[in-house]
Amino acid sequence: MKRNFAFGRTNYILLAIGMAVVIVGFVLMSGTGSNETTFNPDIFSAQRIKLAPAVCFLGFIFMIYGILHKTKDE
């Protein structure tokens, strides 16, 4: 018995790749922060301010593509 899923195998692979890219973006944003006694200027680095949000955005766009991608009927 064949089940009718909303997405095909290709869609799930594209969604998994997009989710992995988003997770990489969030890892790039992480790091040590500042507190009341010490200031860490690394919180304003280009990696955290520019690169990581761009990687997350591309991951979300890739996930939208994975949802909208039409699979060929088998």
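How far, in nm, would the chain grow between ARG48 and ASN4 when pulled straight, counting 0.36 nm per residue and subtracting the alpha carbon separation?
Length difference between fully extended and current span is 11.6 nm.
For ILE67 and ASN35 in one chain, what is 0.36 nm times their gap in residues minus the Cα-Cα distance, to one decimal in nm? Could the numbers behind the result be given before it?
Working: separation 32, 0.36 × 32 = 11.52 nm, distance 4.08 nm.
My answer for the length gained is 7.4 nm.
Can you give the angle from 0 to 90° between the axis of helix 9-29 and the longest principal axis of the chain, with both taken from C-alpha atoms, to the nearest 10?
0
Using mean Cβ contacts within 10 Å as the protection proxy, how do 35-42, 7-14, 52-59 order, highest first? Show your work: numbers first, answer last.
Details: 35-42: 8.4, 7-14: 14.4, 52-59: 16.4.
The most tightly packed comes first, giving 52-59, 7-14, 35-42.
With 10 angstrom as the radius, rank SER30, SER45 by how many other C-beta atoms surround their C-beta, starting from the fewest. Could you put the intermediate results ahead of the total?
Numbers: SER30 9, SER45 13.
Listing SER30, SER45 from fewest to most nearby Cβ atoms yields SER30, SER45.
Find the all-direction average of the projected area of the Cα convex hull for the chain, expressing the result in square nanometres with one decimal place.
Numbers: hull surface 26.7 nm².
Averaging across all directions leaves 6.7 nm² for the Cα convex hull.
Rounded to the nearest 500 deg cm²/dmol, what is the calculated helix-only ellipticity per residue at 222 nm for the chain, with -39500 (n - 2.57) per DSSP H run of length n ≥ 4? All intermediate terms of the calculation are to be shown ahead of the outcome.
Working: 2 runs with 38 residues, N = 74.
Roughly -17500 deg cm²/dmol at 222 nm, from the helical runs in the chain.
We did not get these values from a lab; they are worked out from the coordinates using the rules stated. Please read all numbers here as calculations on a predicted model, not as lab measurements. Neighbour counts run over all protein chains shown; Cβ positions are idealised from the backbone, glycine included.
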